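Reviewing the structure listed below.
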Amino acid sequence: MTEPTCTLHFASPDCTKESVDLVGGKNASLGELMEAGEEVEVPPGFAVTTDFYEAFLETQSLTEYIRERLSTVDTDDDSAVAAASEDVREHIETAEFPEFLSAELRSAWERLQSETETADLQVAVRSSATAEDLPDASFAGQQDTYLNVSDFESVKQRTKECMASLFTARAITYREEHGFDHDEVLISVGIQKMVDARTSGVMFTLNPSNGDQSKVRIESNWGLGEAVVSGEVTPDSFLVDKPVYKIVDRNVGKKDIMTVPTDAGTEEVSVDDDKRDVPSLTADEIIKLTDLAKAIEGHYDQPQDIEWAIEAEGDETRFYILQSRPETSWNDQERRTETNTEASAADRILDRL
């Protein structure tokens with residue numbers, strides 16, 4: 001019998017786009033990005049695999065409990081679904097990892113601490129679903145993400161909470177209505193070093209308003225990218241001609257708020273007055289991001305939807321790629337409308353896994 005793979009570092013040759021069943025879509029993408037070229041830097045991290053998830057549920061008798069608890073739920077009764085969701089999530093979140101799984105997780109955590117050369121490691125803990133076609137746009141955000149997690153016990157708890165988020169009320173209803181067995185839909189969790197971002201954002205390796213593949217659309221804001229994702233801020237927007245690196249359109253928004261890390265996770269704070277109307281990217285940084293967009297698109301050989309962050313310390317500036325997935329907003333727009341009206345940044349990001 002093959003030994004289960006409980007954790008898998010993103011830099012492992014086994015963590016690639018072929019590993020979705022083991023590490024989920026997000027984590028598989030991060031591993032694949034490691035192969036996109038030396039200039040593409042991905043924050044280090046590891047996946048808590050679906051093998052780990054299944055072993056946890058099985059050893060704690062949660063598989064049978066979940067099956068029985070959900071077997072008689074009336075999906076037409078919102079209160080009944082909500083109660084079942086609460087019961088299942090509570091059971092998962094309060095159960096203990098068996099010692100062998102806890103030891104596996106600690107070993108991977110300590111290795112990541114060693115790789116980053118810090119005992120005060122801050123990480124993002126993100127869900128990574130295996131059924132990529134399951135959480136479609138209407139279910140985006142239903143699996144949880146926790147930012148700025150800073151110690152092993154918190155990582156353990158947030159990992160369980162990410163696993164439990166596979167059983168939100170809406171996800172339960174979706175699976176019931178579409179004939180998915182609850183115990184066949186699996187989840188992985190990604191543990192990744194946080195980037196102390198000065199500027200973050202997204203970029204699309206085509207013009208999402210008209211599908212022009214000779215352009216790159218870059219959207220940015222100060223701080224972490226959550227203010228852009230949530231739609232709380234209108235980001236700066238730059239449209240770049242790929243062949244000649246010419247900025248053919250720009251819109252520098254008034255950026256009133258930004259997301260910053262805190263001891264409790266993150267919070268939204270006001271942007272300093274002298275930065276609100278100032279571009280959150282320099283011309284040189286736009287050129288570098290365009291280079292990265294072209295490299296990543298070339299690796300995947302199709303248009304990409306990319307999350308990125310810039311970390312600046314003193315004179316050193318580092319560009320990190322946080323995620324890349326096939327660009328879908330232009331194709332979705334073609335299906336939705338004949339007018340090619342550009343979707344908002346928040347709408348496009350909600351299409352992410």
- Message: Which numbered condition in (1) within 18 Å of residue 300 (Cβ to Cβ); (2) crowded, with 24+ Cβ neighbours inside 10 Å; (3) not aliphatic (A, V, I, L, M) is the only one that residue 46 fails?
- Response: (1)
- Of the residues 74, 21, which is open to solvent by 30 Å² or more (accessible area, probe 1.4 Å), more than 28 Å from residue 319 (Cβ to Cβ) and touching a residue at least 12 places away in the same chain (Cβ under 8 Å)? 21
- Right, residue 278: of a type in the set (A, V, I, L, M), surrounded by 12 or more Cβ atoms within 10 Å (Cβ to Cβ) and not in a helix (DSSP H, G or I) or not? yes
- Quickly run through the range 1-58 and pick out the residues that are part of a helix (DSSP H, G or I), more than 24 Å from residue 184 (Cα to Cα) and in contact with a Lys or Arg (Cβ under 6 Å, 6 or more places away or on another chain). 32
- When residues of the range 281-302 are limited to those that are closer than 15 Å to residue 323 by Cβ and in contact with a strand residue (DSSP E or B) (Cβ under 8 Å, 6 or more places away or on another chain), the one surrounded by the fewest Cβ atoms within 10 Å (Cβ to Cβ): 300
- Answer yes or no as to whether residue 59 is of a type in the set (S, T, N, Q) and closer than 19 Å to residue 181 by Cβ. no
- Here is a list of conditions, (1) surrounded by fewer than 24 Cβ atoms within 10 Å (Cβ to Cβ); (2) within 19 Å of residue 319 (Cβ to Cβ), and residue 224 meets all of them except one; can you say which number that is? (1)
- Query: Limited to the range 149-164, what total is found for residues that are out of contact with any helix residue (DSSP H, G or I) (no Cβ under 7 Å at 6 or more places or on another chain) and open to solvent by 20 Å² or more (accessible area, probe 1.4 Å)?
  - Reply: 6
- Task: Check the range 150-162 and report whether any residue there is under 17 Å from residue 263 (Cα atoms), of a type in the set (Val, Ile, Thr) and not in a helix (DSSP H, G or I).
- Result: no
- Query: Given the conditions (1) of a type in the set (S, T, N, Q); (2) without any contact (Cβ under 8 Å) to a residue 24 or more places away in the chain; (3) closer than 15 Å to residue 152 by Cα, and given that residue 79 satisfies all but one, which numbered condition is not satisfied?
  - Reply: (3)
- With 85, 79, 102, 114 as the choices, which residue is touching a Ser or Thr at 6+ places or on another chain (Cβ under 8 Å) and part of a helix (DSSP H, G or I)? 85
- Task: Just name the residue that is nearest to residue 173 (Cα to Cα) out of those in the range 88-99 that are assigned to a helix (DSSP H, G or I) and open to solvent by 50 Å² or more (accessible area, probe 1.4 Å).
- Result: 89
- Item | Residue count for the range 106-130, restricted to those that are touching a Gly at 6+ places or on another chain (Cβ under 6 Å) and either among the acidic types (Asp, Glu) or open to solvent by 90 Å² or more (accessible area, probe 1.4 Å) (or both) | 0
- Note on the structure: Checked the range 256-275 for anything within 23 Å of the chain's Cα centre (by Cα) and open to solvent by less than 70 Å² (accessible area, probe 1.4 Å); matches are 257, 258, 259, 260, 261, 262, 265, 266, 269
- Query: Is there any pair with a first residue in the range 146-168 that is aliphatic (A, V, I, L, M) and a second that is open to solvent by 30 Å² or more (accessible area, probe 1.4 Å) whose Cβ atoms are under 6 Å apart and which are 6 or more apart or on different chains, and what are they?
  - Reply: 147/266; 149/158; 164/89; 164/93
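The values are calculated or read from the model by the stated rules, or taken from the named source; none is laboratory data. What you see is a predicted model; the values in this text were computed from it and never measured. Cβ coordinates were reconstructed from backbone atoms using ideal geometry, including for glycine residues, and neighbour counts include every protein chain displayed. Quick note on the areas: whole protein, heavy atoms, side chains included, nothing else; ligands and nucleic acids left out. Shrake-Rupley method; radii C 1.70, N 1.55, O 1.52, S 1.80 Å.
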